[in-house]
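Reviewing the structure listed below.
Nothing in this text is a laboratory measurement; each read-out follows from the coordinates by a stated rule. Predicted model only: the values in this text are computed from it and were never measured. Backbone-built Cβ (ideal geometry, glycine too); neighbour counts: all protein chains shown.
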Amino acid sequence: MASLRIPLEGSLYYRGREGQWAYWLHRLTGLGTLLFLTIHILDTSTVYFFPDLYQHAIAIYRATPFMLGEIALVFAVIYHGVNGLRIALFDLLPSWWEADRQRLSFWWVVGLSVLLWLPAAFLMGRSLVVHNFLGG
Amino acid sequence: MTASPLTSAEGPGRRVARPRNFETTAWLFMRYSGVLLIPLVWIHVLIQDVLVGVHAIDLDYVALRWATLGWRVYDGALLAFTFAHGMNGLRNVLNDYVRGRRTRRALDIGLLLAWLVITAIGAVAIVGGVGRPG
């Protein structure tokens, strides 16, 4: 496991600040989304293969922990997209490759992601409260 | 404008010959599919998760949606591009940590098979449509 220990341990001591945070968040949100996506493809496929199981799967998705996870998933999908656009934009504009500008761009990505996520989180949170706690 | 240290050697925007191999194609696929996935995935998430919501989704809802050919094509594009983008991303992450040539090869074959099988399952479901519950 030495091959895993070195990069993971190194990332604790390497002080890359914003650039490194953007990188780790990009990986984390990407891997998290892929995990959900894999499950999501398989559970949606049950509409054709085992329709009875689909009702079951949907019932699980309606549970409170899963709906909270869904709200987090939406943030992951938004951040991964916005940060991906940032990376593509910087690749197109080499004149922007300055440490200060790169550092600031991470905060723009975070701000924009949160701004896009808040209305979605509000609507999903309201749906969660109405259906799971108020019996709507 | 002051020249940044990263580009001062040859000036910004210099061209570098890049090899035409699998990794170049995979990199380009990640970039183009990534840009495409922003509208594709965001619209899907906005409609299904935010506006419709999981409490309104059931077999009838899926059947109604898939009655329109356009939505089946949309879901097919989602399946093809999201999963390929995600699995290749996972391959990139694993290649950062896995050193051994044999382990890498085994993981690549495993990922390729998982990608093909799961994509095929999803594609059969989209083409086949909603079945009748027993």
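Need one number for chain A: average projected area of the convex hull over its C-alpha atoms, nm².
Mean orientational projected area (chain A, Cα hull): 12.0 nm².
Work out, in µm²/s and without decimals, the Stokes-Einstein translational diffusion coefficient of the protein assembly as shown at 20 °C, 1.002 mPa s, Rh from Kirkwood over C-alpha pairs.
102
I need the per residue convex hull volume for the range B:22-128, using only the alpha carbons, in cubic angstrom as a whole number.
125
Given only helices, namely DSSP H runs of n ≥ 4 each adding -39500 (n - 2.57), what is the per-residue ellipticity at 222 nm of chain B, to the nearest 500 deg cm²/dmol?
-23000 deg cm²/dmol
Stretched out fully, how many nm does the piece from B:Ala120 to B:Asp108 gain, at 0.36 nm a residue minus the Cα gap?
Gain on stretching B:Ala120 to B:Asp108: 2.5 nm.
Scan the range A:50-136 for chymotrypsin sites (Phe, Trp or Tyr not before Pro) in coil per DSSP, keeping those whose Cβ has at most 14 other Cβ atoms within 10 Å, and list them by number.
A:Phe133
Please find the FRET efficiency linking A:Ala72 to A:Leu93, where r is the Cβ-Cβ separation and R0 is fixed at 25 Å, and quote it to the nearest 0.05.
Efficiency computed from Cβ-Cβ geometry: 0.20.
Using helices alone, what [θ] at 222 nm do you get for chain A, with -39,500 (n - 2.57) per DSSP H run of 4 or more residues, divided over all residues and rounded to the nearest 500?
When only DSSP H runs of four or more count, the value is -31000 deg cm²/dmol.
Per-residue mean of other chain beta-carbon atoms within 10 angstrom of the beta-carbon, peptide B:108-114?
Mean shielding by partner chains, rounded to a whole number: 0.
Farthest toward the dipole's positive end in the protein assembly as shown, which of A:Leu92, B:Ile43, A:Ala59, given Cβ charges of +1 (Lys, Arg) and -1 (Asp, Glu) about the Cα centre?
Value computed over the given set: A:Leu92.
Taking Cα centroids, how far is the range B:13-86 from the range A:50-129 in Å?
The distance from the Cα centre of the range B:13-86 to that of the range A:50-129 comes to 15 Å.
What FRET efficiency do you get for B:Leu28 and A:Leu134 if R0 is 41 Å and r is their Cβ-Cβ distance, rounded to the nearest 0.05?
Here the calculated transfer efficiency is 0.25.
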